[in-house]
Amino acid sequence: MDFLKNYWPMLALALWFGYKWWNARRVVALLPALKQQGATLLDVRSVAEFASANAPGTVNIPLQELGARLDEIPRNTPVVVGCASGTRSGMAKMLLKKKGFAQVHNIGAWPNFLK
C-alpha cells in the first residue's frame, strides 16, 4: 500500500499518457472510414502553427476561435480534431460534443492526419 500511496500521481500520469496514445491510434485506424463519411478534419492549433506545417485537407480553426465559428463545421458528418499534442483537440472535442456535434474524434497530434 505504501507504493500506491507514494507513487499514485506518477501512475495516474502514466495512465493518462497511455490513454492519449491508445485513443489516437484508435482514431488513426478509423480515419479512412471517417473520411469516406465526409469527415471534417479540424486542426485547432494557432494560425502560425498551422502555417508552419499542416496536413492536406485539414481546416484550421484555432481553439480560442472555435466557439464563435461553429457554423463553419457541418453537424451531420464526423469531425476529427487534432492539434500539437492532443490536449487542445481534447478540449475542442468536449466543446463540440457540448454544442451538439454527435460524432467527434480526437486524433491527437496533427501528423496523425498524415497516416
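We did not get these values from a lab; they are worked out from the coordinates using the rules stated. Given the structure is predicted, the values throughout are model-derived calculations rather than measurements. Neighbour counts are summed over all protein chains in view; Cβ atoms, including those assigned to glycine, are modelled from backbone coordinates with ideal geometry.
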query: Using a simple spin-label model with points 7 Å from Cα along the Cα→Cβ vector, what separation in nm is obtained for L30 and A102?
result: 1.4
- prompt: Taking Cα atoms, how many degrees apart are the long axis of helix 2-36 and the longest axis of the chain, rounded to 10 and kept between 0 and 90?
  reply: 20
- line: Total charge of the residues flanking L96 in space, meaning their Cβ is under 15 Å from its Cβ, with Lys and Arg +1 and Asp and Glu -1, is +3
- prompt: Mind checking the angle between helix 87-98 and the chain's longest principal axis? C-alpha axes, 0 to 90 degrees, to the nearest 10.
  reply: 70
field: Label-point separation in nm, M91 to W8, each point 7 Å along Cα→Cβ
entry: 2.7
- request: With label points built 7 Å along Cα→Cβ from the Cα atoms of W22 and A48, find their separation and express it in nm.
  value: 3.7
field: In the chain, lysine pairs with alpha-carbon atoms under 25 angstrom apart (chain gap of 8 or more, or interchain)
entry: 14
statement: Taking only C-alpha positions in the range 2-114, Rg and Dmax in angstrom work out to 15.3, 52
Relative contact order of the range 2-114, pairs being alpha-carbon contacts under 8 Å that are 6 or more residues apart, as %: 29
- request: Sum up the charges of everything whose Cβ sits under 9 Å from the Cβ of H105, counting Lys and Arg as +1 and Asp and Glu as -1, but leave H105 out.
  value: +2
Extension reserve of the R75-Q37 stretch, reckoned as 0.36 nm per residue once the Cα distance is removed: 12.4 nm
